[in-house]
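Below is one structure, written out as structure tokens; comments come after it.
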Amino acid sequence: MSRRKDVPAANALWGGRFDGGPSAIMQAINVSVDTDRRLAEQDIDGSVAHARMLAACGIVAAADAEVIVTGLEQVRAEVRAAEFQWSHALEDVHMNIEARLKELIGEPAGRLHTARSRNDQVATDFRLWLREACDRIDGQLAAFQRALVEQADRHAETVMPGFTHLQTAQPVSLGHHLLSYAEAAQRDRGRFADARKRLNESPLGAAALAGTAFPIDREMTAKALGFDRPMANSLDAVSARDFALEVLAAAAICSVNLSRLAEEIVLWTSRQFRFAQLSDAFSTGSSIMPQKRNPDAAELARAKPGRIAGALQSLLIVMKGLPLAYSKDMQEDKAITFQAIDDLELALAAMTGMAADLSFDIKTMAAAAGEGYSDATDLADWLVRELGKPFREAHHVAGAIVKVAEKQGVPLSALPLETMQAVEPGIDARVHSVLSAQASMNSRTSYGGTAPARVREQIARWRERLKG
Ligand code: ARG
């Protein structure tokens, strides 16, 4: 049968049983190279390890393997120099690289794909890529923690209102508040480390789905690529994407944690709070209102969970109900994941920059800490400690005194002793020692509490932990 003129040529790498090439629509929905070219380095690493193993096992000639490896390194150089010509017709990163290898070294290139499939190849590449992403993010989270610890060190003694329901609750140390985010970041690091540990197994050698009849050495390729071991089930090796889901779950949680500090930065830098300022480096102006300084970076970091948690949802739904083993649906995993990791890394960099950049208005914070009867609990505690009252009763008495103070429009510390005694005759002048935001903060010395002495202990612990 003669081929119609308007039908494109069949794919050179898999088109043996095809008379013609794909329609434009087929190619458009199938092509992934614009996305998965980000796996080029990992793909070449995987191919180098595979070629060396094929030679070591006597499956290809040592001389051929040598030529293949040299050719692959040349491809790597072209990719790094941005000289590589990526082709849509060649579908994905794997076939682009193999086709270029063929141009460079000729016949031996065709031996590289022995005992391998794109299915185990892409799973290997993607695991390697995510492993590096986990390591980068861990470094970024450590940098974020360092920025928080530096600020905490400057502000261990700075008093601010602590909130519940965004209502003034009890005075806390600003350093204590900031270190709370360092704790959350540590758990984020744990989640990424945990995902990394589980994903670090090699799918390479699972081939299309069933393994291979060639006498390959999967331990050897696993070791060469820094994997802990080869995956034990070939079907699982090419089908699993839960490793990417785990990283996305960690990323989504991390982005949510970051968004909470982002939100507080938006609040703190507002005219209403005036707790903090961002420098020009992290502020933007308005094109219409000349007076404005907007915390755009904090707002965008606050928005990132929309995209990152969305990515987690996207991949969960792509994977849901997929039968074993490989299905092309899974090609969608990379665009989703790359975007989410890019978003998280940018949010982390921005939050680290802002955490270091913030300058705090200590006076405004202290004044706010003293407002709203934030020392009411201290009064109740005093009644328990000095008069032996049950806490519930003390709470009631303190509430009644707050009510009187509120009516007179004065803080508890400005209330005449007789006024307090009219509510509770046992109260004496010593009560004044607990009625201030500073005293309240200083008194909370329980482990994990906000007393500056405790905060200083935590700063020392963080410094030790974040060393090096
Ligand atoms: N580009 C593909 C992906 O990312 C590679 C695997 C293709 N395998 C296949 N049997 N068509 O999923």
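The values are calculated or read from the model by the stated rules, or taken from the named source; none is laboratory data. Since we're looking at a predicted model, the values are computed, not measured. Positions of Cβ are backbone-derived with ideal geometry, glycine not excepted, and every protein chain shown enters the neighbour counts.
The residue pairs whose first member lies in the range 32-57 and is without any contact (Cβ under 8 Å) to a residue 12 or more places away in the chain, whose second member is assigned to a helix (DSSP H, G or I) and away from the ligand (no atom under 12 Å from the Cβ), and whose beta carbons are closer than 8 Å, counting only pairs six or more residues apart or on different chains, are Ala55/Ala62; Ala55/Asp64; Ala55/Ala65; Ala55/Glu66. Taking the criterion of being surrounded by 20 or more Cβ atoms within 10 Å (Cβ to Cβ), more than 16 Å from the ligand (Cβ to nearest atom) and among the charged types (D, E, K, R), the only residue of the range 100-125 that qualifies is Arg100.
The residues on offer are Leu174, Leu199, Leu204, Leu178, and the sole one that is within 16 Å of the ligand (Cβ to nearest atom), at negative phi, at pLDDT 95 or above and not polar (S, T, N, Q) is Leu204. Please work out which residue is nearest to Glu157 (Cα to Cα), limiting yourself to the range 442-453 and to residues that are touching a residue at least 40 places away in the same chain (Cβ under 8 Å) and assigned to a helix (DSSP H, G or I). Residue satisfying both the conditions and the ranking: Pro452.
Suppose the filter is within 16 Å of the ligand (Cβ to nearest atom), small (Gly, Ala, Ser), in a helix (DSSP H, G or I) and surrounded by fewer than 24 Cβ atoms within 10 Å (Cβ to Cβ); does Ala133 pass it? Judged against the criteria, Ala133 is not a match. Scanning the range 275-306 for residues that are farther than 19 Å from Thr352 by Cβ and surrounded by 15 or more Cβ atoms within 10 Å (Cβ to Cβ) yields a total of 3. Checked against (1) away from the ligand (no atom under 16 Å from the Cβ); (2) under 18 Å from Ala250 (Cβ atoms); (3) of a type in the set (A, V, I, L, M), Ala356 passes all but a single condition, namely (2). State which residue is nearest to the chain's Cα centre (by Cα) when the search covers only the range 412-424 and only residues that are within 15 Å of Ala380 (Cα to Cα) and of a type outside the set (A, V, I, L, M, F, W, C). Among those residues, the one meeting the criterion is Ser413. For Leu128, the conditions (1) more than 26 Å from the chain's Cα centre (by Cα); (2) crowded, with 20+ Cβ neighbours inside 10 Å; (3) of a type in the set (A, V, I, L, M) all hold with the exception of (1).
Regarding the range 68-76, can at least one residue be identified that is touching a residue at least 40 places away in the same chain (Cβ under 8 Å), over 19 Å from Leu204 (Cα atoms) and either assigned to a loop (DSSP other than H, G, I, E, B) or touching a helix residue (DSSP H, G or I) at 6+ places or on another chain (Cβ under 6 Å) (or both)? No: the range 68-76 contains no residue that is touching a residue at least 40 places away in the same chain (Cβ under 8 Å), over 19 Å from Leu204 (Cα atoms) and either assigned to a loop (DSSP other than H, G, I, E, B) or touching a helix residue (DSSP H, G or I) at 6+ places or on another chain (Cβ under 6 Å) (or both). Residues in the range 14-35 that are assigned to a helix (DSSP H, G or I), loosely packed, with under 13 Cβ neighbours inside 10 Å and either more than 35 Å from the chain's Cα centre (by Cα) or away from the ligand (no atom under 15 Å from the Cβ) (or both): Gly16, Arg17, Ala24, Ile25, Met26.
Taking (1) within 16 Å of the ligand (Cβ to nearest atom); (2) in contact (Cβ under 8 Å) with a residue 40 or more places away in the chain in turn, Ala210 satisfies each apart from (2). Just one residue in the set Thr337, Thr284 is within 16 Å of the ligand (Cβ to nearest atom) and closer than 29 Å to Ala182 by Cα; that residue is Thr337. Each residue in the range 218-236 was checked for being part of a loop (DSSP other than H, G, I, E, B), closer than 12 Å to Asp120 by Cα and of a type in the set (A, V, I, L, M), and 1 pass. Cβ separations smaller than 6 Å between residues 6+ apart or across chains give the following pairs from the range 170-195 residues that are among the polar types (S, T, N, Q) to residues that are assigned to a helix (DSSP H, G or I): Gln170/Thr377; Ser173/Met441; Ser173/Pro452; Ser173/Val455.
Where residues in the range 40-68 are surrounded by fewer than 19 Cβ atoms within 10 Å (Cβ to Cβ) and acidic (Asp, Glu), which of them is farthest from Thr124 (Cα to Cα)? So, considering only residues that are surrounded by fewer than 19 Cβ atoms within 10 Å (Cβ to Cβ) and acidic (Asp, Glu), the one farthest from Thr124 (Cα to Cα) is Glu66. For the residues Thr124, Thr114, Thr168, the requirement of being of a type outside the set (A, V, I, L, M), modelled with pLDDT under 95 and either touching a Gly at 6+ places or on another chain (Cβ under 9 Å) or outside any helix (DSSP H, G or I) (or both) singles out Thr168. For the range 455-468, the set of residues classified as among the charged types (D, E, K, R) and either surrounded by 18 or more Cβ atoms within 10 Å (Cβ to Cβ) or farther than 19 Å from Thr158 by Cα (or both) consists of Arg461, Arg463, Glu464, Arg465, Lys467, listed by residue number.
Among the residues of the range 69-99, those identified as surrounded by 17 or more Cβ atoms within 10 Å (Cβ to Cβ), under 18 Å from Asp125 (Cα atoms) and more than 16 Å from the ligand (Cβ to nearest atom) are Val69, Leu72, Val75, Arg76, Val79. Residues that are of a type in the set (Asp, Glu) and either away from the ligand (no atom under 16 Å from the Cβ) or touching a strand residue (DSSP E or B) at 6+ places or on another chain (Cβ under 9 Å) (or both) within the range 287-334 comprise Asp296, Glu299, listed in sequence order.
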